[in-house]
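The values are calculated or read from the model by the stated rules, or taken from the named source; none is laboratory data. As the structure is a computational prediction, the values presented were derived from the model and not from experiment. Cβ placement follows ideal geometry from the backbone for every residue including glycine, while neighbour counts extend to all protein chains displayed. When the accessible area is computed, the model is the full protein with side chains, heavy atoms only, and any ligands, DNA or RNA have been set aside. Shrake-Rupley method; radii C 1.70, N 1.55, O 1.52, S 1.80 Å.
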Amino acid sequence: MTLAVGGGLVVAGAVVALVYSAMSSVEDSIALPPRSEAPYSEPYEEDPYEEEPYEEPYEEDPAEAAPEPTATEPDVKKDVTITACTRDPQIGWQSAKVKVVNGSSTTASYHIGVEFLDKDGTKVADGVTGVLDLGPGKSVVEEIHGLGEVPQGTTCRLVDLTRMPTGD
């Protein structure tokens, strides 16, 4: 027992020393440079030079705007649904299962965000996932995990949904 306690103290001391030395090296690397030793000089007595008026740079090739969704393509919100919202009872982390059904007429990739909300509706965690190259009419189920422990009764809400066409 005494050896275990003594060994624990030695390990704890080593960790403290390691953290202290790491903090010292980080502090040295972000320190401000020393002030200049150059003597103070009076401003120039000459007339200031003439500045050219500022002109906006000319773009030869204007950037192409992302294609607007057509009226025939369904809203991405119709493509993504939460099928399960559960909290792991052992570690207290929340997860959501989402089903993605590509309702568009082309192969598409998706970016999906989920917020995990406590009983009062306050965001306590969030998570994201992506689906790549999902064919028209095809579906997939993805699991999105929040990071960190959340209270019981936490709910899930879809946020930041994006569908990007990736093929014909």
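Under the condition of being closer than 15 Å to VAL159 by Cα and either open to solvent by 10 Å² or more (accessible area, probe 1.4 Å) or among the polar types (S, T, N, Q) (or both), the residues counted in the stretch 106-121 number 4. With free of Cβ contacts under 8 Å to residues at least 60 places away in the same chain and within 19 Å of the chain's Cα centre (by Cα) as the only criterion, which of SER139, SER109 stands out? When all the criteria are applied, what remains is SER109.
Of all the listed residues (ASP47, ASP61, ASP118, ASP75), the sole one being modelled with pLDDT under 55, out of contact with any Phe, Trp or Tyr (no Cβ under 9 Å at 6 or more places or on another chain) and charged (D, E, K, R) is ASP61.
Yes or no, residue by residue, for (1) modelled with pLDDT of 95 or more; (2) of a type in the set (Asp, Glu); (3) touching a Lys or Arg at 6+ places or on another chain (Cβ under 7 Å); (4) open to solvent by 60 Å² or more (accessible area, probe 1.4 Å):
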site	(1), (2), (3), (4)
VAL100	yes, no, no, no
SER104	no, no, yes, no
LYS123	no, no, no, yes
VAL140	yes, no, no, no
LEU147	no, no, no, yes
THR155	no, no, no, yes
VAL159	no, no, no, no
PRO165	no, no, no, yes
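Filtering the stretch 71-91 to residues that are surrounded by 14 or more Cβ atoms within 10 Å (Cβ to Cβ) and of a type outside the set (D, E, K, R) leaves PRO74, VAL76, VAL80, ILE82, CYS85.
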